[in-house]
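Chemist: Before I ask anything, here is the structure I am working with.
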Amino acid sequence: MISAYTGTQVREAEKPFLDDALGPGAGAVLMQRAAYGLANAVISALRGRGQRLYGSSVAVLAGKGNNGGDGLFAAALLAGRGMRTTAVLTAGDAHDAGLAAFRKAGGYAVTLTGDNAAELAAMAGGADVVIDAILGTGAQGGLRGPAAALIEALSRSRPDLVVACDIPSGVDADSGEAHAPVLAADLTVTFGAAKAGLLADPGADSAGRVRVIPIGIELALPWPALRRLEARDLSALLPRPERRAHKYSRGVLGVVAGSSAYPGAAVLACKGALAAGVGMVRYLGPPDVADLVRQSCPEVVCSAGAVADTHVQAWLVGSGLDDSDEQQLQRARDAADSGLPTIADAGALPALPEVLAPQVILTPHAGELSALLERLGVSLDRSAVEASTLSAVRRAAGLTEATVLLKGATTLVASPFQDFFSQAEATPWLATAGSGDVLAGIIGGLLAQVGADVGRFGDQGIDPDARWAAIAAMAASIHGRAGVRASGGGPVTASGIADAAREVMREL
Ligand SMILES: NC(=O)C1=CN([C@@H]2O[C@H](COP(=O)(O)OP(=O)(O)OC[C@H]3O[C@@H](n4cnc5c(N)ncnc54)[C@H](O)[C@@H]3O)[C@@H](O)[C@H]2O)[C@@H](O)CC1
Ligand SMILES: Nc1ncnc2c1ncn2[C@@H]1O[C@H](COP(=O)(O)OP(=O)(O)O)[C@@H](O)[C@H]1O
Ligand SMILES: [K+]
């Protein structure tokens, strides 16, 4: 599990060291560890590209705070390894000790002014590696003035390798909001712990690969702001049938999906659920859709009955529902009201009551989340949701009292109790029609199997209240991995994602 923290949480954890309460110079020790980790990460990245260190060039863009200090100390270490190093001091001032070490190691420093931004951008853009150490967790808003002009020009020249020190400058460490201009990094080397803003879009767009360097504050960190499940967490959390298992003990999922206009959504949702290993799927819906479901997935049991008469452990409602099919919409409302865990997708989102419950998982994409918030009296258009995904999903979970999964390149999940998960295994090839229906099916399949198993989650440090969010995150991870597997770098179909999900489940 990757745990991520807000900038404030990390700064709080660092405080005792900076106050020298743990001995004089403890703060400087943290900075040395950070710089050493950053320099080593740069060396590995260059070597990974088959470049020799000796004679390669590095340009460090250094602000006046400790982030600039980290960058200057790291550049001093790189100069000591034979690299040609130039520092661009973006704020006139610089971290004194860092600059002294940099100069002593043979580095050349030049101060950014209103007149030389284009010239320095051209110089830095020609370096083998650019280190962005302008702003870190102490940033207030984005870059301004000459520093903004430098980054704008540098972004246009697309440097070979950009390494962000702690966080790309201009990205908010707490929220992932990005204040333009931001120089997109290939690698972000972050200190003490991952910052939440690196694991939420749009911050994640600019972060590249994220590498965490331990600096000794780890034990002082509080409960994480955001978590990401990794393969070993999934292995521990996923269900395996017991020897005496039968189809009912393994979990039955009820599916209320599809309409004459979108019958395929019902099929894809069922395929997702079956791939997730559910004991049985019971489909409720119009006869023409049920026929298609039977033909595509003969293992699904279809009927035109009512929710109250259907014995299941969890419900999936909404994928492909038509807003004119009142019978299906009523089934969706009954399911969400049943007290059973329910994943509510697409067409169900506008049909359900405003206030729900934690075991109801809503799965909007950014446009649907914008519409959902609008109904709750919050005006946030699609682009505003995309610009602040973490706070948008937090608000939606708070207002609806449901668990909310926001789909996108990074999938974010928020529980109404302020537990957050972020998964980013996916490939953009997943952005294909029907892909969300398969995700809904996987969530439903997992809800039916492990929704009631509080102990399984507690063993992995997940509160009972947070398990609905964790299940949604598990499904997003499996769906993302399945997309990558089915894609192999090329186009995928939603059916292909469902097929690959079964293989991903087996591997995990
Ligand atoms: N606190 C610690 O113990 C450690 C901190 N570390 C580094 O220190 C960083 C935080 O350092 P600081 O607190 O000095 O903060 P920063 O280095 O992020 O920047 C703060 C400085 O920039 C100015 N500033 C803020 N927003 C600005 C803006 N939009 N435009 C221009 N200038 C702006 C501030 O006035 C301040 O002088 C971390 O990101 C990390 O890189 C590491 O050295 C590890 C240890
Ligand atoms: N750029 C992207 N990169 C990775 N995954 C994406 C991207 N865009 C969308 N996805 C994923 O693809 C799925 C699309 O779901 P959705 O928008 O509901 O599609 P549909 O309604 O057509 O089924 C979601 O799981 C989402 O997270
Ligand atoms: K930075």
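Chemist: List pairs: first residue in segment 100-120 and under 17 Å from A153 (Cβ atoms), second residue part of a loop (DSSP other than H, G, I, E, B) and modelled with pLDDT of 95 or more anywhere in the structure, Cβ distance under 8 angstrom, at least six positions apart or on different chains.
Modeler: V110/N116; L112/T90; L120/L112
Chemist: Find all pairs meeting these conditions: Cβ atoms under 9 angstrom apart; at least six residues apart or on different chains; first residue within segment 265-287 and under 9 Å from C297 (Cβ atoms) and modelled with pLDDT of 95 or more; second residue among the polar types (S, T, N, Q) and part of a helix (DSSP H, G or I).
Modeler: Short answer, once both residue conditions are applied: V267/Q295; V267/S296; V267/S495; C270/S296; K271/S296; K271/S495.
Chemist: May I ask you to say which residue of P286, P241, P224, P263 is outside the structural domain of V450 (by TED's automatic domain parsing) and crowded, with 17+ Cβ neighbours inside 10 Å?
Modeler: Unique residue meeting the criteria: P224.
Chemist: So, one more: Going through N66, N40 one at a time, which residue ends up being under 28 Å from the mean Cα position of the chain (by Cα) and within 13 Å of ligand 3 (Cβ to nearest atom)?
Modeler: After applying the criteria, what remains is N66.
Chemist: Which ranges mark the helices (runs of 4 or more DSSP H) fully within segment 1-89 that have 1 or more residues being more than 16 Å from ligand 2 (Cβ to nearest atom) and in contact with a Pro (Cβ under 7 Å, 6 or more places away or on another chain)?
Modeler: In segment 1-89, 7-18 are the helices (runs of 4 or more DSSP H) which contain 1 or more residues that are more than 16 Å from ligand 2 (Cβ to nearest atom) and in contact with a Pro (Cβ under 7 Å, 6 or more places away or on another chain).
Chemist: Of all residues in segment 416-429 being within 15 Å of the chain's Cα centre (by Cα) and crowded, with 21+ Cβ neighbours inside 10 Å, which is nearest to ligand 2 (Cβ to nearest atom)?
Modeler: Going through the qualifying residues, I end up with A426.
Chemist: Considering only segment 286-355, give the strands (runs of 3 or more DSSP E) lying wholly within it that have at least 1 residues that are more than 17 Å from I442 (Cα to Cα).
Modeler: 301-303
Chemist: May I pose another question? When the residues of segment 430-449 are filtered to those that are within 13 Å of G483 (Cβ to Cβ) and in contact (Cβ under 8 Å) with a residue 24 or more places away in the chain, which remaining residue is farthest from ligand 2 (Cβ to nearest atom)?
Modeler: Checking each candidate, the answer is I442.
Chemist: Please state which of the following conditions R47 fails to meet, knowing it meets all the rest: (1) closer than 30 Å to Q460 by Cβ; (2) free of Cβ contacts under 8 Å to residues at least 60 places away in the same chain.
Modeler: So the condition that R47 fails would be (1).
Chemist: OK, next. Could you list, in sequence order, the residues of segment 380-426 that are in a helix (DSSP H, G or I) and of a type in the set (V, I, T)?
Modeler: V385, T389, V393, T400
Chemist: Name the single residue that is nearest to the chain's Cα centre (by Cα) among those in segment 477-508 being assigned to a helix (DSSP H, G or I) and of a type in the set (S, T, Y).
Modeler: By that ranking, first place goes to S477.
Chemist: Quick check on G145: is it within 15 Å of ligand 1 (Cβ to nearest atom), modelled with pLDDT under 95 and not hydroxyl-bearing (S, T, Y)?
Modeler: Here the answer is no, as G145 does not meet what is asked.
The values are calculated or read from the model by the stated rules, or taken from the named source; none is laboratory data. Everything numeric in this text was worked out from a predicted model, so none of it was measured. Note that each Cβ is placed from the backbone with ideal geometry, even for glycine, and that neighbours are counted across all protein chains shown.
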